[in-house]
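Down below is the structure, laid out as structure tokens.
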Amino acid sequence: MSRLGFLRTAALGAGLVTAAGAGAVAWGAGYEIRAFRLRRFQVPVLRSGQAPLRVLHVSDIHMIPGQHAKKAWIRSLADLQPDLVIDTGDNITSAGAVPEVIEALEPLLEFPGAFVLGSNDYYAPRPKNPVTYLWRPSRAHTKPRDLPTEQLTAAFRTAGWLDLTNTRGRLHVDGRRLDLVGVDDPHLRRDRYLDLAAPADPVADLSVGVTHAPYRRVLDAMTTDGHQLLIAGHTHGGQLCVPFVGALTTNCDLPRSMAKGLHRWERGRRSSWLHVSAGLGTSPYAPVRFACAPEATLLELVPA
């Protein structure tokens, strides 16, 4: 091939790569980011003879004022009639989003529920180079802008949802006694699980550990204490995934193969079921998803 032919071929190849990249961004930012879907899993954690228990897991809503389609879709989840709702944080992105996310969750607040908080429930995100997300976990800004966290949590608590911020609690759901434990956001190193660590209640019908960010130290400790089901968010499922490869990052120390979905978490001779949600939103400064649609999950708990 002549030099001129080589240059033309190289230019054509570069143009095709650029066009493919532009097409992927257009798909991820224009369609997939709004392609909300409900995922379903069966989790064998209940005692023999018990009826199924339906747990709706919502996470990482990252609500921005004006996101009417997202709000309507979240409200429609009440039609599932879950027995329990678990919210694993990062509900908002700005002070103006608090009334909007409360309106979105309003029908779900009618059901028994529990929640923990994520970093974006405390601090508003700031512009940053989104590429850095691919090679190291994000870090809190040195001068964060506080959000009206108490306004958000007050609405949840007033509705009767259990606040699991570094605490334990119990709920009676569908005639069953649930033992729950939760931590504040490990991504901000606010988790204090060692202050409340104790074996799971053997009398409870089910013991659940809840965290926003699924860091190993938290999952290991909860599994060691015998909590049968662990529920987390934070990862966005990788947000930008490669087809047939999966997530490129989890934004924490969780293995990439566990960026979303249902898995077994092993700790010594003990193990727990772990569900990680890919979440429903993104940072306003990286509004794109690829091969990782926004989601909520209905976990059908059944006898082991």
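Scanning region 214-233 for residues that are open to solvent by 10 Å² or more (accessible area, probe 1.4 Å) and under 16 Å from the mean Cα position of the chain (by Cα) gives Tyr215, Arg216. When region 194-213 is filtered for residues that are touching a residue at least 40 places away in the same chain (Cβ under 8 Å) and open to solvent by 10 Å² or more (accessible area, probe 1.4 Å), only Asp205 remains.
Within region 212-243, the set of residues being over 19 Å from Val173 (Cβ atoms), assigned to a strand (DSSP E or B) and in contact with a strand residue (DSSP E or B) (Cβ under 7 Å, 6 or more places away or on another chain) comprises Ala232, Leu240, Cys241.
Residues are listed down the side, and each one gets a yes or a no for (1) more than 23 Å from Ala200 (Cβ to Cβ); (2) at pLDDT below 95:
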{"residue": "Leu254", "(1), (2)": "no, no"}
{"residue": "His275", "(1), (2)": "no, no"}
{"residue": "Gly279", "(1), (2)": "yes, no"}
{"residue": "Val288", "(1), (2)": "yes, yes"}
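Residue count for region 228-245 satisfying the condition of being closer than 23 Å to Arg47 by Cα and touching an Asp or Glu at 6+ places or on another chain (Cβ under 9 Å): 0. Out of Leu262, Leu248, which single residue is closer than 30 Å to Ser48 by Cβ and either out of contact with any Asp or Glu (no Cβ under 9 Å at 6 or more places or on another chain) or not basic (Lys, Arg) (or both)? Going through Leu262, Leu248 in turn, the sole match is Leu262. Out of the residues in region 169-193 that are within 23 Å of the chain's Cα centre (by Cα) and under 20 Å from Leu46 (Cβ atoms), state the one that is most open to solvent (accessible area, probe 1.4 Å). Among those residues, the one meeting the criterion is Arg170. Output the residues belonging to region 234-248 that are surrounded by 19 or more Cβ atoms within 10 Å (Cβ to Cβ) and over 22 Å from Asp184 (Cα atoms). Scanning region 234-248 gives Gln239, Leu240, Cys241, Ala247.
The values are calculated or read from the model by the stated rules, or taken from the named source; none is laboratory data. Computed from a predicted model, the values in this text were never measured in an experiment. Glycine gets a Cβ as well: all are built from the backbone with ideal geometry, and neighbour counts include every protein chain shown. Note: areas computed on protein heavy atoms with side chains; ligands, DNA, RNA excluded. Shrake-Rupley method; radii C 1.70, N 1.55, O 1.52, S 1.80 Å.
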